[in-house]
Amino acid sequence: MTVAAPHRREHRQPASGAPGGRAPRGLATTFVGYAILVFFGLVFLYPFVIQIANSVKTEPDAAANPLSPVPDPVDLTSFQRIVEGTAFPLWLGNSLLVTVLVTLGRVLLDSLAGYALARLRFAGRGAVFAAIVAVLAVPGVVLLIPKFLVLNQLGIYNSYAALIVPLLADAAGVFIMKQFFDSIPRSVEEAARIDGAGTFRIFRSVVLPMAKPALITLTILSFQGSWNEFPHSLVAVQDPALFTLPRGLADLVSGSLGAGTQYPLKLGAALLATIPVAVLFVVFQRYFVRGANEGVDKE
């Protein structure tokens, strides 16, 4: 009897020496991807580097080498001139007042409006939400003249009320909060309602703490938007004592300082105006990203 020899399987190693022969290609793709990210990161950061460098240059050096990222020599007198020679402290105080009040107003009013649209049943709710979405599609510049006419008719033109009241609520904030409240299970509110809690109590004690990521996102967007708001101040005030930072910086750039480029002074003022928004975003960045990711996951 002849016994057949057992079949032997031969294991062939990939010619490249790596599993599947894909490691070198994957490594090259990763390297190219990171190289592209670094390149575009440097492209976006370069204007900020130029801003910082020119703010600490002397006037002749900034005029002769405006695109050089290295100041020669380093001169900090521009910041002293900003504080002592311009109305920058006044503009800063006005911006802080307007921004804090507008941010608080938007967080409160947008949250209330978003919760009402998400949970309450009333006639015309769909039409109201459709109108809010439609407002998002309207360019802000189209509303400048109507804003001026309304402020003038109400008798609050050229006042702090004109800077603050029209910005206390915005359609984007209402939309963000409404969408987030829609994602919260109704069973949580029903349990609180069984215990005897009213609508406002449920909103304040149950729903609002769960909306922390959306509230932080809204706070950052509201602070940044009101801090950088320029077109509205053009039609709201004309008194230099009521100018905010964007309006004051525009006045500097337009030539109110006299002859010369005065790059260190202008860019130094712009740098100081950028710091509060940058600090706020860095501090709350993880909450902002977390809120965006939760919104994507729930979709």
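The values are calculated or read from the model by the stated rules, or taken from the named source; none is laboratory data. Just so you know, these numbers come straight off a predicted model, no measurement behind them. Heads up, the Cβs are rebuilt from the backbone with ideal geometry, glycines too, and the neighbour counts pull from every protein chain shown. For accessibility, only protein heavy atoms count, side chains too; no ligands or nucleic acids. Shrake-Rupley method; radii C 1.70, N 1.55, O 1.52, S 1.80 Å.
Worth pointing out:
Residue-wise test of (1) in contact (Cβ under 8 Å) with a residue 24 or more places away in the chain; (2) of a type in the set (Lys, Arg); (3) open to solvent by less than 20 Å² (accessible area, probe 1.4 Å); (4) not in a loop (DSSP other than H, G, I, E, B).
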{"residue": "112", "(1), (2), (3), (4)": "yes, no, no, yes"}
{"residue": "128", "(1), (2), (3), (4)": "no, no, no, yes"}
{"residue": "138", "(1), (2), (3), (4)": "no, no, no, no"}
{"residue": "143", "(1), (2), (3), (4)": "no, no, no, yes"}
{"residue": "157", "(1), (2), (3), (4)": "yes, no, no, no"}
{"residue": "162", "(1), (2), (3), (4)": "yes, no, yes, yes"}
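- Of residues in segment 252-299 being at pLDDT 80 or above and of a type in the set (Gly, Ala, Ser), the one farthest from residue 81 (Cα to Cα): 278
- Among the residues of segment 53-97, the ones that are surrounded by 15 or more Cβ atoms within 10 Å (Cβ to Cβ) and either at positive phi or assigned to a helix (DSSP H, G or I) (or both) come to 17 in all.
- Within segment 189-236, being small (Gly, Ala, Ser), within 22 Å of residue 284 (Cα to Cα) and in a helix (DSSP H, G or I) holds for 214, 222, 225, 226.
- Of all the residues in segment 204-219, those that are of a type outside the set (Val, Ile, Thr) and closer than 14 Å to residue 109 by Cβ number 3.
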